[in-house]
Structure formats: C-alpha cells, structure tokens
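Here the structure is laid out as structure tokens; the discussion comes afterwards.
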Amino acid sequence: APAQIGVTGLAVMGRNLARNLARHGFTVALHNRTHARTESLVAEHGDEGTFVPSERLEDFVASLERPRAIIVMVKAGGPTDAVVDELVPLLDEGDIVIDCGNAHFADTRRREQALSEHGLHFVGAGVSGGEVGALEGPSIMPGGSAQSYEKLGPIFESIAAQVDGTPCCVHVGPDGAGHFVKMVHNGIEYADMQLIAEAYDLLRSGLGAAPAQIADTFREWNSGDLESFLIEITADVLAHTDAATGEAFVDVVLDQAEQKGTGRWTVQNALELGVPITGIAEATFARSLSGHAEQRAAAAQAFATPAEEGFADDPQAFTDDVRKALYASKVVAYAQGFDHIAAGSDEYGWDVDPGAMATIWRGGCIIRAKFLDRIREAYDDQPDLPTLLVAPYFAAAVQDGVDSWRRVVAAAARAGIPTPAFSSSLAYFDALRRPRLPAALIQGLRDNFGAHTYRRVDRDGTFHTEWSQDLVEHEA
Ligand code: 6PG
C-alpha cells in the first residue's frame, strides 16, 4: 500500500517523528541522503509499524499516496532549500511539503509563496519537545494553508501529545504562522530558563544553599502553581552528581550559555514590531553576556563582590519570596510572548487564536506548564484581553506576589547578584501599571534638540516649541 506520509532527513528528530507516526498506525515512507541511516532505522525499529524505505528521492516520492505529505527534517536555511528544490520537480499539484525544523518564519513565508506558484502546499510546522517529544508526543504548531491541514490535521493530531483528551496541535494560521509561534515559544523558553537560573543563583549565592538542597526546593515548587516541565528538570539537573569528579554537576559545567538562534530571532522581530518583550530580550542577552569570558575575567578582577550584609534573615521566608517573584516574572514573560504573537498575527494577517496556542502548549513542548490552562481560560473569558497581566487570575497572582518580587529584586541588587530577568520583569510591570511615565520628558528632549514635535495631554494635535525663540509653542 502507498505510504500516507513521508519523512526525509532521518537524524534524531526526523527518525523519532517517523517512529511516532508508524507507532500510530501510519504507513511511513522514509528517505535519507545517506541511505545507511534509513536502513538502520528500519533494522532497529521496523517492528514498530510499517515503513517504506527508499534510497532514491524519486522512489520515495513515488511511494506516497496523493496528495503527498512529505516532512522535511533537515537543518534550517540552505539545507532545507536544497531538499525543497530537489523535491519540487518530482511533485504533483496539491502535494504538501512540511518543514518541521526550527525555520525562520520569514523563510517559511518565502517558501510557501514559491511553492504555491507550483500548485504545491508548503507547511512550516513548529515542533517542540526535543527528541523524546518527537517520539512520544510533541506539541505541533503547523502553519500553511487550511487545505493542507485537512490532510495533515488528523495525522498530526494523532501523534501529538494529548492533554485531557485534547491534542497539542492545531492549525495556527496561514504561511509562516506556525513557525512564528514556535519562535515565540522558544523566546518564552529562554525567559523561563533565565528566571529559573536567577532563582537558583539567589538561593545558592544569596542563601548559601547547596545544589541538592535547591533541587529539593524546586521539586517542592513543582507541586504548586509553578508546576512545569522546566521546573521539574531543574530539580533533576541540580540533584545530579558528576560521575568523574563527584562534584555537583552544575559546578563542573562551564558557565557560558549557548544558543542556536531562535531566541535572537524572537527579539529581532519584536524590535521590528515594537513589542516590548523585555524579559525574553534580557534572557537572550544574559546568554550572550555569559559567553564574554574575557570581559568577565577582567571585571571580576577589577571589582570586589559587595559585602552581603543581612541578605536574608529568614531563609524560608526569602525562599518563598523567590518563588513568588519567579511566578510573577513568569507571568510577565508569557504576557510578553502572547503580546508578540498578537502583534505578529496583526502584522502578517494570520488571525492566530491565543487561547488555542495556550491549549497546544499544555503538553509535549518544553514550556509546558500547569498555568497554561489558566492562560487558555483567560483568553476564553476575554478574547481581546489587553494583557495577560490584567486577567483576573493573573492580576490576583501578581498582586499577591508583588511585595515578594520587590524584596527579591532589592536584595539581589544589594548583594550584587544579577537578576536581569527578575528586575526587568518587575520594571515592565511597574511601567505598565503607572498612570504617567517619564516618556513625556523624552518627548520634550526630542522636541528641544530636533524639533521632533510632541502631543499634549489637554489638546489634540502635534506641537512644537520654538526653544530658542522665547519658548513659543505652536501647532506643528
Ligand atoms: C523545543 C526547543 C528546541 C530548541 C532547543 C535549543 O521546543 O523543543 O525549543 O526546538 O532547539 O531548545 O535551543 P537553543 O539552542 O537556542 O537554546
């Protein structure tokens, strides 16, 4: 029988997606540039379902039922273009090419446009959950045409993670919408991880707790509002002992965080759209900063650590403050991420449903968390929510945590413990809630040095003050 779906590119993600599909009863066509990889997949896992391996791309394409659905799982950028270019001449009208990698959504838009001119569908599908997710149930964020989803929906929804009987997959929107949402997902992932790292640093450097103790704290936190995959694995990583040295694993790892670039894309795009995703930006920059080893060494030599006088009189109370600060900052990170999705959706005309995104992030993906249910409810109750921060549930949570948040940020500043994500999230919250901002002064300065004009609180119109001529003000 012809295969229902094909996968080309059988490195670990492609391989695991193919196995997941086969395990769910789909007949899966397989192809890889180096055929040995295809053979090893069939040899090792052929009993998990029905695979149709092909050595040549032509045979792979011919082995698929029409309209064909072909997952391309190769490196983003040039390699993806190369495979797509090879595929296109072999395909027929209505066939669907699916890119499940972390592609930039602008590339996806371009490819979708190009393939639509050949009567083909190109679907950029964000897939989150790492290797294990790909095999056991990822969160899937497919973009592309509604027509392509008629074929792909039932397949993807069956292999995706399921939460309360609901699949973690939905048609996100046209062309690059899926990859855009996956990009923002990764931005939130960066913020989430940075916040966790800062919380750890506060407990470690501030309270002097050992990694194993902090692991217990995170494990405890994971049974409350903070319950999430990242908090859970933080406990595991902190509890881990390095086999070679017997030291805490976290102490033998070089403290320079790397990135493949999705966080950077998120921040770049947010700058273009004018969305203040400050927590995500700080998290991305914090990774860059950690990598500047020479500057760090020079500064470490030049400046002493501040005396940590009276850091926390009551460690238990401080730990609780950190938990609340973490939660409030996390709400800010998600609020900013959802703002970003809304802005992208407006800009590119996608009509993305934010509640549906919260729904498909509840399982499978790296940022899966209990409180995504609350986010979904918030958008169900009020689809045009101005910011997640004012949804009743989150407003109450932030209100409840704000004193702790301030104490934590203040204590960190006094002790010289950098908390860029905690601090910037608090600053974001304070800036949003303040009736009046010093932006008025910035407008005055711009008008003063560059006649850039300003608007007034008491009258409509655009104004300019003749600063050199007795401060005459007139409508610009
Ligand atoms: C996921 C992850 C994944 C991402 C890694 C690495 O959702 O499964 O987001 O797609 O590639 O987390 O990202 P960095 O190397 O940029 O940290």
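The values are calculated or read from the model by the stated rules, or taken from the named source; none is laboratory data. All figures in this text were calculated on a predicted structure; none of them were measured in a lab. For neighbour counting, all protein chains shown are included, and Cβ atoms are generated from backbone atoms with ideal geometry for every residue, glycine included. The protein model used for the area step is the full one, side chains on, heavy atoms only, and it has no ligands, DNA or RNA in it. Shrake-Rupley method; radii C 1.70, N 1.55, O 1.52, S 1.80 Å.
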Notebook entry, point to check: How do THR387, THR245 rank by accessible surface area computed with a 1.4 Å probe, from largest to smallest?
Noted result: THR245, THR387
Notebook entry, point to check: Do you know the relative contact order of the stretch 166-268, to the nearest whole percent, from alpha carbon pairs under 8 angstrom that are 6+ apart?
Noted result: 28
Next item on the list: List every residue whose amide H lies under 5 Å from the amide H of ALA29, counting only residues 5 or more places away in sequence or on a different chain, with H placed 1.01 Å from N in the peptide plane.
Entry: GLN4, ILE5, GLY6, VAL7, VAL52
Next item on the list: Would you calculate, for the chain, the mean residue ellipticity at 222 nm contributed by helices, counting each DSSP H stretch of 4 or more residues as -39,500 (n - 2.57) and dividing by all residues, to the nearest 500?
Entry: -17500 deg cm²/dmol
Check: What longest range of the chain stays clear of loop-exposed trypsin sites (Lys or Arg not before Pro) (DSSP non-H/G/I/E/B, at most 16 other C-beta within 10 angstrom)?
Finding: 76-259
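With Kirkwood's inverse mean 1/r over C-alpha pairs for Rh, give me the Rg to Rh ratio of the stretch 353-439, two decimals please.
1.04
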Item checked: Average accessible surface area per residue within the stretch 241-326, 1.4 Å rolling probe, Å² -> 64
Next item on the list: Please work out the Cα convex hull volume for the stretch 55-169 and give it in Å³ per residue.
Entry: 108
Check: Per the Kirkwood formula on distinct C-alpha pairs, the Rh of the stretch 403-469 is how many angstrom?
Finding: 14.8
Notebook entry, point to check: For GLN382, what is the net charge nearby, where nearby means another residue's Cβ is under 15 Å from its Cβ and Lys, Arg count +1, Asp, Glu -1?
Noted result: -4
Notebook entry, point to check: How long are the three semi-axes of the equivalent ellipsoid of the stretch 212-266, in whole Å, if each is the root of 5 times an eigenvalue of the C-alpha gyration tensor, listed from largest down?
Noted result: 22, 21, 7
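Where nothing but the Cβ of Lys and Arg (+1) and of Asp and Glu (-1) is charged, how large is the charge dipole of the stretch 37-194 around its Cα centre, in debye to the nearest 20?
Numbers: 10 positive and 26 negative charges, 85 e Å.
Using only the charged Cβ atoms, the result is roughly 400 debye.
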Item checked: Hull shadow area, averaged, the stretch 112-269 [alpha-carbon convex hull, nm²] -> 12.2
Item checked: Anisotropy class of the stretch 1-71 from Cα gyration tensor, a/c 1.5 cut -> oblate
Notebook entry, point to check: Per residue Cα convex hull volume for the chain, in cubic angstrom?
Noted result: 200
Checklist line | Relative contact order (percent, whole number), the chain, Cα cutoff 8 Å, 6+ residue spacing | finding: 12
Next item on the list: Can you grab the distance from the C-alpha centre of the stretch 180-238 to the C-alpha centre of the stretch 331-358, Å, no decimals?
Entry: 24
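Kirkwood Rh over alpha-carbon pairs of the stretch 93-143, then Stokes-Einstein at 37 °C and 0.692 mPa s: what D in µm² s⁻¹, rounded to an integer?
Translational D for this selection: 285 µm²/s.
Express the accessible area of the stretch 362-433 per residue in Å², computed with a 1.4 Å probe while the remaining protein chains stay in the model.
44
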Checklist line | chymotrypsin sites (Phe, Trp or Tyr not before Pro) restricted to the stretch 1-84 and DSSP loop, no more than 13 other C-beta within 10 Å | finding: none
Next item on the list: Mind checking the full-extension length gain between GLN147 and ALA299? Use 0.36 nm per residue of separation minus the Cα-Cα distance, one decimal, nm.
Entry: 49.0 nm
Next item on the list: Measure off, as a whole percent, the carbon and sulfur share of the 1.4 Å-probe accessible area of the chain, all protein chains present.
Entry: 51
Next item on the list: Report the charge-dipole magnitude of the stretch 224-280 in Debye, nearest 20, computed about the Cα centre from +1 at each Lys and Arg Cβ and -1 at each Asp and Glu Cβ.
Entry: 360
Notebook entry, point to check: Can you give the accessible area per residue of the stretch 70-150, in Å², using a 1.4 Å probe?
Noted result: 37
Check: Which is farthest toward the positive dipole end of the stretch 193-322 among VAL253, VAL267, LEU226, measuring Cα position about the Cα centre, with Cβ charges +1 (Lys, Arg) and -1 (Asp, Glu)?
Finding: VAL267
Check: What is the calculated FRET efficiency for ARG455 to HIS35, with r their C-beta to C-beta distance and R₀ = 45 Å, to the nearest 0.05?
Finding: 0.10
Next item on the list: Classify the stretch 308-354 as rounded, prolate or oblate, taking a ≥ b ≥ c as the square roots of the eigenvalues of its Cα gyration tensor: rounded when a/c is under 1.5, otherwise prolate if a/b is larger than b/c and oblate if not.
Entry: prolate
Next item on the list: Would you work out the relative contact order for the stretch 395-476, in percent, from Cα pairs under 8 angstrom that are 6 or more residues apart?
Entry: 13
Margin query: I'd like the accessible area for GLU220: 1.4 Å probe, protein heavy atoms, all chains in place, Å² to the nearest 10.
Written below: 120
Notebook entry, point to check: Given charges of +1 on the Cβ of Lys and Arg and -1 on the Cβ of Asp and Glu, with all other atoms neutral, how large is the dipole of the chain about its Cα centre, in debye to the nearest 20?
Noted result: 240
